[in-house]
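To keep things clear, I will list the structure first and then write my remarks on it.
Since every read-out is calculated from the coordinates, none of them should be taken as a lab result. All of these numbers come straight from a predicted model, not from anything done at the bench. Please note: Cβ atoms are built from the backbone with ideal geometry, for glycine as well, and neighbour counts cover all protein chains shown.
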Amino acid sequence: MPFCEFEAYYKHLQMMKEFDELVTYIDAAHIQPTDRKIKGR
């Protein structure tokens, strides 16, 4: 595998990881307000 291909693949993996972390963060942000609503009832 040429180095430029490896570099592109590595960048792709980094983006996937960042996207995954972002989705996890958004999920956590959505869960917290609903928890508060349930406790407030």
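Assorted remarks:
- Label-to-label distance, Glu21 versus Phe3, with points set 7 angstrom from Cα along the beta-carbon direction: 2.6 nm.
- Here the gap between Ala28 and Leu13, fully extended at 0.36 nm per residue and compared with their Cα-Cα distance, gives a gain of 3.1 nm.
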